[in-house]
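Worksheet: the structure to be examined is printed underneath.
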Amino acid sequence: MDREEQPTRAWVFHPELTSDRNRRDAAPALEEAVSLAMALPDLEVVGAEVVRLPTPHPGKLFGKGKLQELGAKLHAAEVELVLIDGPVSPVQQRNLEKEWKVKILDRTGLILEIFSDRARTREGVLQVEMAALTYQRTRLVRAWTHLERQRGGLGFVGGPGETQIEADRRAIDDQLNRLRKQLEKVVRTRELHRAARAKVPYPIVALVGYTNAGKSTLFNRMTGAKVLAKDMLFATLDPTMRQIELPAIGKQPAQGGGRKVILSDTVGFISDLPTQLVAAFRATLEEVLAADLILHVRDISHESTDEQAHDVDLIMTELGVSEDTPQLEIWNKIDLLDADEQDARRREAERNDSILAISALTGEGFDNLVLAIDTALDTPRRTETVVLAFSDGRKRAWLFDKGIVETEEPGEEGWAITVTWTERQAAEYAAL
């Protein structure tokens, strides 16, 4: 086998800053970093370890002795790429590459590389490219001749020929402006689709959660779709939406079928998600902002499930998700717990109406989930007419943006607008 055809040999370091009292538990953090690395194609993780540091060295991240010790390990293992699970400044990256003679990728770069490899829709590709260019702008990373194999993605791990990395800041800014204009067109199309859906009185139910929490498996079970569902971080990236009819559980035959809803599967969140990606994917995640109900799917079997839930809450707050939007917490993968822990979790969930213990894989708790969704969506909507002065464009724009306008008639004093809305939307309008 030729050397070019072999996978890139990678080593993962998780720097544990002992002076940081709020630091994450090192063992699961390292495990997650390795899982991130393994999510990339053509990459072989040959080693991983936690490196304890009192404080990061400003120039090289690690102290002189630790630098030599780690360098010897990398040389002995013939490592070509080092993944550092944390932020690495451009100066640190350049110095480490010079010292160890390997390519360095920090956590942000690694997540961007995974996203670039997974994006499939036009919008996803544009968003990833914008986020990557914003990241590259601060560190115009040069290509490495010992990684000459061409591959997909945006070239953080690739070789020569990826001219965007070598471009100067002006070229990157020009490219960013072009991408921004292209993305605006895609976003306008998405807004038209959203407005069209809003005219159909089906509520939107959005699945959110930490990456690999089981959202796509649950989405597939509820919709019968075949969205990629693997035990892998960021297995799905582009959002998927389906109109479904919930099973008519607990209803009399005379009442007809179940409620029709639009179910949305979104990209998974992760701790320390690069700010460039949060900004770039805001348009995609606007489905969450427009949702009538949010299902926060948690991997309840994961040892860091509470920390993961906290990270998801932080990102949703950053995105601007309203506290008034109803939420259900879905404790998924309960089948992976031992019997005693399963019973304890089930009892805990039974005591809280907004928590459901399920297994998307086996179907356990699915009927209870459907009933909970049905109950949470039992929000009455009323139709009424509001009158706005011609000068009150902001309120008119808000009504149209929410997709709740039925008809609009101009009068002598202003617009007579007929809307169908929930109590929550009426209250939001009154607060404008």
Taking θ = phi - 60°, what integer Hz values does the Karplus form 6.51 cos²θ - 1.76 cosθ + 1.60 yield along segment 7-22, in sequence order, with x for Gly and Pro? x, 5, 7, 10, 10, 10, 10, 10, x, 9, 7, 5, 7, 8, 6, 9
With each pseudo-label sitting 7 Å past Cα toward Cβ, what's the residue 343-residue 122 distance in nm, one decimal? 5.7 nm
Which order do the peptides 385-391, 395-401 come out in when sorted by mean C-beta neighbours inside 10 angstrom, highest first? 395-401, 385-391
Which whole-number value in Å² is the accessible area per residue of segment 11-131, probe 1.4 Å? 44 Å²
Accessible area per residue of segment 330-432 at 1.4 Å probe, in Å²? 58 Å²
With a/c under 1.5 counting as rounded, go ahead and sort segment 45-107 into rounded, prolate or oblate using the C-alpha gyration tensor (a ≥ b ≥ c being the square roots of the eigenvalues; past the cut-off, prolate if a/b is larger than b/c, else oblate). rounded
Taking a threshold of 22 Å on the Cα-Cα distance, which of the pairs 64/103; 181/395; 66/101; 260/333 fall above it? 181/395; 260/333
Give me the net charge of residue 245's neighbourhood, meaning all other residues with Cβ under 11 Å from the Cβ of residue 245; Lys, Arg count +1, Asp, Glu -1. +3
Sulfur and carbon atoms: percent of accessible area, segment 330-432 [1.4 Å]: 47 percent
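Ignoring ligands, DNA and RNA, please state the percent of accessible area on segment 1-92 from carbon and sulfur, probe 1.4 Å.
Details: 2480 of 4820 Å².
Summing carbon and sulfur atoms, their accessible area is 52 percent of the total for segment 1-92.
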Sorting check: for 82-94, 11-23, which peptide has the highest mean count of neighbouring beta carbons within 10 Å, and how do the rest follow? 82-94, 11-23
Using a 1.4 Å probe, how large is the accessible area of residue 310, given in Å² and rounded to the nearest 10? 110 Å²
Please list 3J(HN,Hα) in residue order for segment 349-354, calculated via the Karplus relation 6.51 cos²θ - 1.76 cosθ + 1.60 where θ = phi - 60°; whole Hz, with x for glycine and proline. 5, 5, 7, 10, 5, 9
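The values are calculated or read from the model by the stated rules, or taken from the named source; none is laboratory data. All values reported here derive from a predicted model rather than from experimental measurement. So basically every Cβ, Gly included, is an ideal-geometry build from the backbone, and we count neighbours across all protein chains shown. Surface accessibility is based on the protein's heavy atoms, side chains included, excluding ligands, DNA and RNA. Shrake-Rupley method; radii C 1.70, N 1.55, O 1.52, S 1.80 Å.
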